[in-house]
1. I need the full set of residues from segment 363-378 which are out of contact with any helix residue (DSSP H, G or I) (no Cβ under 9 Å at 6 or more places or on another chain) and either surrounded by fewer than 20 Cβ atoms within 10 Å (Cβ to Cβ) or over 30 Å from Arg467 (Cβ atoms) (or both), in order please.
2. If Lys514 satisfies every condition in (1) under 30 Å from Lys384 (Cα atoms); (2) open to solvent by less than 70 Å² (accessible area, probe 1.4 Å) but one, which is the exception?
3. Condition first: in a loop (DSSP other than H, G, I, E, B) and within 17 Å of Phe453 (Cα to Cα). Now tell me which residues in segment 395-404 satisfy that.
4. Please indicate, with yes or no, whether at least one residue in segment 850-858 is surrounded by fewer than 16 Cβ atoms within 10 Å (Cβ to Cβ) and at negative phi.
5. Can you list the strands (runs of 3 or more DSSP E) found entirely within segment 1008-1104 that contain at least 3 residues being within 30 Å of Ser1131 (Cβ to Cβ)?
6. Taking strands (runs of 3 or more DSSP E) that fall entirely within segment 657-755, which contain at least 1 residues that are in contact (Cβ under 8 Å) with a residue 60 or more places away in the chain?
7. With Val743, Val729 as the choices, which residue is aliphatic (A, V, I, L, M), modelled with pLDDT under 90 and out of contact with any Cys (no Cβ under 9 Å at 6 or more places or on another chain)?
8. Given (1) more than 22 Å from Ile379 (Cα to Cα); (2) modelled with pLDDT of 90 or more; (3) not small (Gly, Ala, Ser), identify the lone condition not met by Ile421.
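The values are calculated or read from the model by the stated rules, or taken from the named source; none is laboratory data. Worth saying up front: this structure is predicted, and the values here are computed from it rather than measured. Backbone-built Cβ (ideal geometry, glycine too); neighbour counts: all protein chains shown. Just the protein is used for accessible areas: all its heavy atoms, side chains included, with ligands, DNA and RNA removed. Shrake-Rupley method; radii C 1.70, N 1.55, O 1.52, S 1.80 Å.
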Amino acid sequence: MAEHPPLLDTSQILTSDISLLSAPIVSADGTQQVILVQVNPGEAFTIRREDGQFQCITGPAQVPMMSPNGSVPPIYVPPGYAPQVIEDNGVRRVVVVPQAPEFHPGGHTVIHRSPHPPMPGFIPVPTMMPPPPRHMYSPVTGAGDMATQYMPQYQSSQAYGDLDAHSTHGRSNFRDERSSKTYERLQKKLKDRQGTQKDKMSSPPSSPQKCPSPTSEHNGLIKGQNASGVNTGLAKNKSGKGKGGTHIDTEIEEKDEETKAFEAFLSNIVKPMASDIQARTIVLTWSPPSSFINGERDETTIPEFYGYEILVSSTGKDGKYKSVYVGEETSVTLNDLKPATEYHAKVQAEYNSIKGTPSETESFTTLSCEPDIPNPPRIANRTKNSLTLQWKTPSDNGSKIQSFILEWDELNHRQAVTWIITLIKESFFYISLLKGKGNGEFCQCYIGSQKQFKITKLSPAMGCKFRLSAKNEYGTSGFSEEVLYYTSGCAPSMPASPILTKAGVTWLSLQWSKPSGTPSDEGISYILEMEEETSGYGFKPKYDGEDLSYTVKNLRRSTKYKFKVIAYNSEGKSNPSEIVEFTTCPDKPGVPLKPSVKGKIHSHSFKITWDPPKDNGGAAISKYVVEMAEGSNGNKWDMIYSGATREHLCDRLIPGCFYRLRVYCISDGGQSAVSETLLVQTPAVPPGPCLPPRLQGRPKAKEIQLRWGPPSVDGGAPISCYRVEMSPVEKDEPREVYQGSEVECTVSSLLPGKTYSFRLHAANKMGFGPFSEKCDITTAPGPPDQCKPPQVTCRSATCAQVNWEVPLSNGTDVTEYRLEWGGVEGSMQICYCGPGLSYEVKGLSPATTYYCRVQALSIVGAGPFSDVVACVTPPSVPAMVTCLREISDDDIENPNYSPSTCLSISWEKPRDHGSEILAYSIDFGDKQPLTVGKVTSYIIDNLQPDTTYRIRIQALNSLGAGPFSHMIKLKTKPLPPDPPRLECVAFSHQNLKLKWGEGTPKILSTDSIQYHLQMEDKNGRFVSLYRGPCHTYKVQRLNESTPYKFCIQACNEAGEGPLSQEYIFTTPKSVPAALKAPKIEKVNDHTCEITWECLQPMKGDPVIYSLQVMVGKDSEFKQIYKGPDSSFRYSSLQLNCEYRFRVCAIRQCQDPAGHQDLVGPYSTTVFFISQRTEPPASTNRDTVESTRARRALSDEQCAAVILVLFAFFSILIAFIIQYFVIK
């Protein structure tokens, strides 16, 4: 900013509505940026002053403005020109350059406006946007600099927020696609910079200051002035109403009755009346509020003047209403309406900040008219000899557009241009173009309905002006803004030399500008060439493209490079720019080598040295820095040296401590990485003296517990061991009692009540240090010594005598002895406690090992137990047998076992008491006891069935018989029953019903006898069919005419009886199935034909049929046919006689014993009446057919009736259960 020209005085360019702020205001997003408006030579920057006059700033000049939100404000420019944002070192410049009109979706709206509309036309409608804040133009700190803040910008609009007429004006225009891409990249860089600055702001934004609204304004509009900018000229200043700088009282008072009455008075206003309706204008008139409410005159004080607000909606009665007029007049003309549009208007009265409710709605529709002024045509393609133009259809205003009229004017040279930038009161920017007077006249070059046209036969670099209008049935619109386009020109001029924006170690970032005099919409590409000073290859191209900047990479550090730039377009190349020379930055130096120790390492110091890095990065090393950390894993690094020399003495160190050292260097290229770490340990020394040992706890009679701490100085090495020496007080003969790494020890084998002296010293890897001072400790009296092992004498197998001796008492008398006795060495219990020296132990087990020990006690305590003594009692007869029980029949595998004559018992082996058990004696009644061998189970046989026995057992060894076990009662089972006789009581071709025994067919499950029925399968094995107490069983799913073998056995609790003899039963052959009812068809009055279904042969046996008939009132059927056919013609019919027919199938069996016929069941009887045939009516045939139909459907009908009856009874039973049982 220091290179910019002097700025304007801020006190001369501020309007009366702008208040100065003491500090810059930060917008809601926390970013503020400086934007420069560049005024070129021949241009003028105009600002509206406080007194309403304009102050011009002639170029060259740069006016800085501060943006509170980082965005670029909308700039209003004349036709053929557009603003362009250029970013230079963080400062954005707004430059207005000539452009060719072309639609482009830019990031900021740029609206083209002709310079003739009045300024009030740009004031925003108050109902469409909030009133603008009152903060602007905060001064920027710095000598000679001035910054301007602009408030939030609003789009210009019509009186009703209609933006259709200018929807396409706010777009930048470019000459071709290449220039369009350049502009998009500039816009993207601008947005990226705004986002970066937003992220950098961490402090919350401050709220903008607000000034109180003057009483002469309503929602941002001056009284007497409508939204269209038309001033009625009848606004009056009243007493109590100040100007814009007057402050009003913002304190709100509670409404009283008078205020409510006045609001009701203001609400008594009629709807406005519409008159003089045109396409774009209308006159609205209304009357003041009436003082009569509900037929009575309101006594409220009626003011002389009111304020009125007109609300208009173009989206229906219930749509959004916008305020279009605020004033005191009762009539207003609304301008800038949309043709052929329905509007709805309301009026609202106001007085002294009190508003009534809006009136009823007045509806009206504007008339149709000629189309809107179209947008200027844009260029679609250009060559040296032609221009192709395109345009879009404007609003037709209620009538379809019939044609477009394109006119043009050829120019021989570019006209002089003067730019004036005007700052409006609401901080909108408007740029107008003042043209020189020319005599060019437009002529028509195209008329038609197409929306594009190509002009040919033009000259290179030739400029042409164009304008466009549209026509419908109501007339022709005005012409669009004039646009100027040029055909393709010549090669660009020599560009300026590139400049260096930023340099790195291996890259240089360069920037250049367009050649002077080049149109901004002309697409130009650039070639950046580079020459390395020592390469000898000359200039080589590094970049070819449309950008104005490029970063050259992969360069060498600290090296000079030469650059030049060449511009070219489709017409050719320009001359190279002047050669410039730039140098890359040096790189940071390499890592120094690992430091090393120089000389001997002492306990408190050592010296280190290091070598410089192999690569200095292109610059000399300025200094070295040495860092040191204490400990082998320490991460706290302290700088101990900084200088140019490459050695250093490290002193004031701790012996035996580890130190880590590293070094790095610094040059103009930066700081290098740290070197490898050097680990150094200073040598250790022997430790210092320890404190005297101290007694831990109370002293005992023969031992004491000592404890001590480590020495205050360990000599730089960990303490490896301690050595403790002891000597009696009366003798100075120390002896070592402990050496180890622990800090406590127990000294034993002492004499009770004697004083001893103790001292110690510590050692590390360097050796032992000096002794500590002596410490005297006296032992306490002790308990008796350990008794000698007691003597045990066995008097019998269950009794033993124990004797012991008196031990040393250690100065106190023995008061008692404790004897422990047990069968396990580690689990003995006290059996005696007293002063005696012997004890007799009774109740022992024979041939058992026992353990004992003895202990002496005094008033001081108990002495140690004696050694354990073991003794074994002599053997004896066996112990009593336990767990005598019966073995269940299922667990016995002996095939000869019979539960009726045998009993099986088992027991557990008793203790043998030192002599092996030789046999067992079983006592089971009056008979002699039964002696068995060394077993634990036995089967007693040859017993009586169904008899109870008392059984007990005893064990025998070489010393005699042991006691009997407990007695158990066992009973033999009765003999199993014989098998019953098996006979067949019913049979069919698929099942056989068998019966056996004399009982009822059904027997309860509690019967003692069960029956097991078996049948032989295909493999000749008998398989089980039935097991239970019943006497009958039905065998199903058999084959016809097949023999089957059966056998049976009876079972009870005594077991299964023998199997019976084999019984053979044969199934008979099956009869044919029942046929369906035959069908009868009348042939004539005396003949009918009967047909029935046909069956297949049954296992090779043929099937014939038997047809029977019952005539009239006969009681028996007579056979009229027997044979293999499935139909028969009966010819003996009598008129008016009833006939009943039925049929059955007969199986002719071919048995070896002889021929046999098996007759199946007869079919359903069919009823038939023979009547005379009458030609006109076929009643008999119909009767027969209906009868046959009824007979044919009888099976289905029966099934349906059965199903319905079953469902009915099921529902009835469920209802009865629910009602009578559950409830």
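1. The answer is Ser363, Phe364, Thr365, Leu367, Ser368, Cys369.
2. Of (1) under 30 Å from Lys384 (Cα atoms); (2) open to solvent by less than 70 Å² (accessible area, probe 1.4 Å), only one is false for Lys514: (2).
3. Gln402
4. Within segment 850-858, not a single residue is surrounded by fewer than 16 Cβ atoms within 10 Å (Cβ to Cβ) and at negative phi.
5. In segment 1008-1104, the matching strands (runs of 3 or more DSSP E) lie at 1079-1082, 1088-1091.
6. Qualifying strands (runs of 3 or more DSSP E): 658-667, 678-681, 704-707.
7. It is Val729.
8. The one condition Ile421 does not meet is (2).
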